[in-house]
Each structure stands twice: as C-alpha cells, then as structure tokens.
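I have placed the structure first, in the form of structure tokens, so that the comments after it can refer back to it.
The values are calculated or read from the model by the stated rules, or taken from the named source; none is laboratory data. Treat the numbers as computed from the prediction; the structure is a model and nothing was measured. Note: ideal-geometry Cβ built from the backbone for every residue, glycine included; neighbour counts use all protein chains shown.
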Amino acid sequence: MSRMVKILLKACTILSLWLALIGCGSSSPNTGLILLPVGPTEVALGETLQFTPTEGGLAFIVVGGDENGTIDGTGLYTAPDQLPANPDITIMGLLNGTETFSFVHLIEP
C-alpha cells in the first residue's frame, strides 16, 4: 500500500471519529440545536413519527419532497403510502440559519 493511501485512510478514520463525536451532523455544535429522535428511526409506510427540537421555532422540511413523506409545523412526520426509490429519508430543521438533521428509514408495514 502506498504512503499516500495510508495517509488518506488515516485521515478518513480521524474524520469518521470526529463525525461520530459530534453526532454525524445531527446537531449544530455552535448552538446545541438537535432534532429528536436523531435516528435513523424505522417508520412503516403510512405511519407517523413525532420529531421534537431542543429549541422552539424550528421550521421542518422533508428533504426530497412529498414523495418521501410530509411533516407539519409541530414536527409530526407522516410516511408516504408507497415506498420511494430510496427508503432512507432526511428530515431537516431550520432555525435562524442553523440546520439540524434527523433520519428515517421507511419499511413495509
């Protein structure tokens, strides 16, 4: 194995450990904003899951649009009735320009 490959592997390992320590992007280290549950949480098609932020006033977004489910202003996520091409869904919360993320894995009922 070349020296460059070894350096890249070591850098990837360090980055992976760092991401694990900060929650893999599930919170903003500057504000402590977290969306709970962090996930990934399994949700059956057509079922709901309540997300709760650590700070109020959060705007919720289902990344990828309505085919991945919907979420209301209170954080209540409703899974779609049909399985999308990718069953791994990202839920994003926005507060004053700060983003936080949580994850859902859709399953058949």
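Summary table
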quantity	calculated
Leading residue by the ranking (nearest to Glu42 (Cα to Cα)) among those in the range 76-98 that are touching a residue at least 40 places away in the same chain (Cβ under 8 Å) and touching a Ser or Thr at 6+ places or on another chain (Cβ under 7 Å)	Ile91
Test: Gly39 is closer than 24 Å to Gly97 by Cβ, at pLDDT below 90 and touching a strand residue (DSSP E or B) at 6+ places or on another chain (Cβ under 9 Å)	yes
Criterion (more than 17 Å from the chain's Cα centre (by Cα) and modelled with pLDDT of 85 or more) met by exactly one of Gly69, Gly75, Gly46	Gly46
Residues satisfying the stated conditions in the range 41-72, i.e. in a strand (DSSP E or B), surrounded by fewer than 16 Cβ atoms within 10 Å (Cβ to Cβ) and without any contact (Cβ under 8 Å) to a residue 24 or more places away in the chain	Thr52, Thr70
Residues satisfying the stated conditions in the range 71-89, i.e. within 14 Å of Gln50 (Cα to Cα) and among the polar types (S, T, N, Q)	Thr74, Thr78
Hits in the range 79-95 - residues which are surrounded by fewer than 16 Cβ atoms within 10 Å (Cβ to Cβ) and of a type in the set (S, T, N, Q)	Gln82, Asn86
Single unsatisfied condition, Val104 versus (1) exposed (fewer than 14 other Cβ atoms within 10 Å of the Cβ); (2) at pLDDT 95 or above; (3) of a type in the set (A, V, I, L, M, F, W, C)	(1)
